[in-house]
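Asker: Before I ask anything, let me first share the structure, which is written out below as C-alpha cells.
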C-alpha cells in the first residue's frame, strides 16, 4: 500500500523527531516517497530547521539566536517576547538535558501555518529528560507527570550560577499562554503536559510511546505580548497542578 502525503501537513511537534532521526541521511521509501521528499526539502532548504549549538557559549559566539530570529515573523508574540521564549527553550537544553552527555543532539524547527495564522516553535533533545535528571539529582517524584509539574513550578536542580535566570519553563508558559493566548506541549520521557487556553491535561505515556528526551513546542498567535516584565517575574504560583492524568 502506498500512502499519499502530498496534502498532509505536519506541525513541528510531530515531524521534528523524525527530522532529527533522518538528518545527515537521504531518506528513501517507495511507499512514503512524498514524505521523504518533504523531509529532504526541510533539511536542505528550510532555514527554520537547525541543530542547536552545542553550548550556550557556542550559541553566543555564533550569535545563533539573532540569526535564527531573522527568519521569523516577529509579530507572533513580538520580537522581545519571542527572543526570550526561544532563548529559554535553548537554555533548557543547556541547563538540564546534557548532564555529562557529550553526544546530546538538539534541534529547533519553526513553522507558520498560513491557514490558522499560528506560529509553532519546537525544540527537541535526546538528553536525560526531566524525570531522568530528577533521578540523577535524587529528587523524589511520584511519576513522570509529577516530575513535569515540579519542573514548571519553583523547583530547580540548577545551583546558583552566573547563568541562572529563574525558572525558564515557567517563563515560557506565562509568555506563551497568558501573554499571547497560545498553547504549549511539553513531553519528557513518559510525562506529557498540554496547555491550551485556560485548560490543560497531563498524559502518562505507555512504554511504546515513551519519548527518550524532551520536546517543547509552543504555538503563538499573531499578537504581541504586553507587560512582558510582569509575566517573566516569578510572582504567581503554578496554576497547572497534577490533579489527574490520562493514560496514553
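Bear in mind that the values in this text are calculations on the coordinates, not laboratory data. Owing to the predicted nature of the structure, the values given are computational and were not obtained by experimental measurement. With ideal geometry, Cβ positions are generated from the backbone for all residues, glycine too; neighbour counts draw on all protein chains shown.
Asker: So between residue 70 and residue 247, what do we pick up on full extension, going 0.36 nm a residue minus the alpha carbon distance?
Answerer: That pair, residue 70 and residue 247, stretches by 59.7 nm at full extension.
Asker: What is the packing order of peptides 186-193, 87-94, taking the mean over residues of other C-beta atoms within 10 Å and listing the highest first?
Answerer: Highest-to-lowest ranking by the protection proxy: 186-193, 87-94.
Asker: Using a 7 Å offset from Cα along Cα-Cβ at residue 198, what residues in segment 221-248 end up with backbone N under 15 Å from the label point?
Answerer: 239-240
Asker: Please work out how much length the chain gains when fully extended from residue 46 to residue 79, using 0.36 nm per residue of separation minus the C-alpha to C-alpha distance, in nm with one decimal.
Answerer: 9.8 nm
Asker: Fewest first, what order do 210, 85 take by the number of other Cβ atoms within 10 Å?
Answerer: Least crowded to most crowded, the residues run 210, 85.
Asker: Okay, moving on. Kindly rank 71-81, 194-204, 53-63, 127-137 from highest to lowest mean number of other beta carbons found within 10 Å of each residue.
Answerer: Most protected by this proxy first, the peptides run 127-137, 71-81, 194-204, 53-63.
Asker: What is the antiparallel percent of DSSP beta bridges lying wholly in segment 50-247, to the nearest 5?
Answerer: 90 percent
Asker: What list do you get for 116, 214 if you sort them by fewest beta carbons within 10 Å? Walk me through the numbers before you get to the answer.
Answerer: Working: 116 13, 214 28.
Exposure proxy ranking, most exposed first: 116, 214.
Asker: Would you mind classifying segment 61-126 by shape? Square roots of the alpha carbon gyration tensor eigenvalues, ordered a ≥ b ≥ c; an a/c under 1.5 is rounded, otherwise it is prolate if a/b is larger than b/c and oblate if not.
Answerer: Prolate shape, in that a/c is at least 1.5 and a/b is the bigger ratio.
Asker: Mind sorting 176, 139 by how few other Cβ atoms lie within 10 Å of their own Cβ, fewest first?
Answerer: Taking fewest neighbouring Cβ atoms as first place, the list is 139, 176.
Asker: Kindly identify segment 50-247 as rounded, prolate or oblate by the Cα gyration tensor criterion: order the square roots of the eigenvalues as a ≥ b ≥ c, call it rounded if a/c is under 1.5, otherwise compare a/b with b/c, prolate if a/b is larger, else oblate.
Answerer: Rounded is the answer for segment 50-247, as its axis ratio a/c remains below 1.5.
Asker: Okay, next question. With the crude spin-label approximation of a point 7 Å out along Cα→Cβ, what separation in nm comes out for residue 142 versus residue 209?
Answerer: Output for this residue pair reads 1.9 nm.
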